[in-house]
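Input: a single structure, listed below in structure tokens.
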Amino acid sequence: MASKCPNCGRVLKWYDVKADCKECGVSIPNFNWEARLEEDSERAAVKSASFHRTMNMFSYSVWGTKLRIARIILSFVPIVGFIVPWFSFKSEGESLGIDVIGLFTDGRSLIDLFKSFFGNMSLYFTNMAYEGKSGPVTYTMLGVLFMVLCLLFAVIAFFMILITNKHPKSKLMVIFDALSICSSIVSVIMFTMAVKAAPAYPAFTLGEMSFFNMTGSIGWGYFVALALLCVAFVANFLVMRAPAKTHEELEEARLAKKAEKEEKERRAAIKKEEERLEAEKKAEEEQQRIVEEARAKLDADKKKKEKKK
């Protein structure tokens, strides 16, 4: 779309490089600059109000109250529950601990299981098909799947606190925390079913890991993880049920704090100015005293000289 002179409407050519219009002589960059400046000022005011609204709601949703501060901490803590042992499989061959890095269990860890699975996925699916999808391999991998879903839902619940800052009473965090708890329960049930199905398969493999006469039990870490997940759920539920401030209340509080800050700065400036004036007055008085002492000394010296004459 071709540019036009804002005054006369003349279509500007590509070679019209001068600031003034050839038709009417008006300065195109400066045409109606007061109105445009007013429009820019109004747009800036709208954007500033929108920015303050967003920041008010974000800060209030995340750390606006003691309960909300506790909520964001308690929503992050459940991540720790995935490095402790949820379940342990033992056999005359390999042993497998269902924790991420194997700090609290002997033998293989989930990291080893993931490496094995992604290194040879076809072998796992072949073993599942051989079991009729109802054997220890199938139930073990389903348990791992629901454990991963549990972690995923917990992480989503944490980030929902940041994402839903415009809706401080959002139910999404509670929903994802509930899904995370349910996934953890299903995960342990699948691991337990894998142990119960193991007698029908005295020998089987998880990738290159061989198990003979496998047994297993729930680890203490699962109860720690479940407790942390439940605490996060309760914290989010309490925040959801607690009364929340509106944008108008938050903006009023922000303006009150701003006014209080400005008043303190004004008082500090007045006090500083009073101290400066007082210091100047003292300096003038001191200077006057020195001058008077000098004059008195000169007068005394003059009288002494006159007496000698």
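The values are calculated or read from the model by the stated rules, or taken from the named source; none is laboratory data. Remember, predicted model here, so these are calculated numbers, not experimental data. Note: ideal-geometry Cβ built from the backbone for every residue, glycine included; neighbour counts use all protein chains shown. Calculation scope for accessible area: heavy atoms of the full protein, side chains included, ligands and nucleic acids excluded. Shrake-Rupley method; radii C 1.70, N 1.55, O 1.52, S 1.80 Å.
Protein chains only, probe 1.4 Å: how do 5, 182 rank by accessible area, largest first?
Sorted descending by solvent-accessible area, the residues read 182, 5.
How big is the equivalent ellipsoid of segment 261-309 along its three axes, where each semi-axis is √(5λ) from the Cα gyration tensor, reported in whole Å from largest to smallest?
The equivalent ellipsoid of segment 261-309 has semi-axes of 47, 4, 4 Å.
Explain nothing, just compute: Karplus ³J(HN,Hα) = 6.51 cos²θ - 1.76 cosθ + 1.60, θ = phi - 60°, for every residue of segment 131-144 in order, whole Hz, x for Gly and Pro.
3J(HN,Hα) across segment 131-144, in whole Hz: 7, x, 6, 8, x, x, 5, 4, 5, 5, 5, 5, x, 5.
Using a 1.4 Å probe on the protein heavy atoms only, what accessible surface does residue 22 show? Give it in Å² to the nearest 10.
140
Quick check: at a probe of 1.4 Å, how many percent of the accessible area of the chain sits on carbon and sulfur atoms?
62
Just to confirm, what accessible area per residue do you get for segment 103-220 at 1.4 Å probe, in whole Å²?
Details: 5950 Å² over 118 residues.
For segment 103-220, the solvent-accessible area averages 50 Å² per residue.
Rounded to the nearest 500, what is the chain's calculated 222 nm mean residue ellipticity when only DSSP H runs of at least 4 contribute -39500 (n - 2.57) each, over all residues?
Theoretical 222 nm ellipticity from helices: -23000 deg cm²/dmol.
Give the cross-link partners of residue 13 among the lysines, using a straight C-alpha distance below 29 Å as the criterion and excluding same-chain residues fewer than 8 apart.
4, 22
Can you compute the charge dipole magnitude of the chain about its Cα centre, using +1 on each Lys and Arg Cβ and -1 on each Asp and Glu Cβ, nothing else charged? Give it in debye, rounded to the nearest 20.
1440
In the chain, once you exclude exposed chymotrypsin sites (Phe, Trp or Tyr not before Pro) (DSSP loop, at most 13 other Cβ within 10 angstrom), what's the longest stretch remaining?
16-309
Using only alpha carbons, build the gyration tensor for segment 147-191 and give me the equivalent ellipsoid semi-axes, biggest first, whole Å. Could you put the intermediate results ahead of the total?
On the way: eigenvalues 116, 17, 3 Å².
That gives 24, 9, 4 Å for the three semi-axes.
Rounding to the nearest 10 and keeping the result within 0 to 90°, find how far the Cα-based axis of helix 33-63 lies from the longest principal axis of the chain.
50
Could you list, in their original order, any pairs among 66/261; 90/115; 257/281; 47/272; 261/282; 47/245 whose Cα atoms are separated by more than 26 Å?
With Cα atoms farther than 26 Å apart: 257/281; 47/272; 261/282.
Mind checking the dipole of segment 53-210: about its Cα centre, +1 per Lys or Arg Cβ, -1 per Asp or Glu Cβ, Debye to the nearest 20?
Value, rounded to 20: 1080 debye.
Only one of the values [x] 27.5; [y] 35.8; [z] 22.3 was calculated from this structure for Kirkwood radius over Cα pairs in Å; name its label.
Of the listed options [x] 27.5; [y] 35.8; [z] 22.3, [x] comes from this structure.
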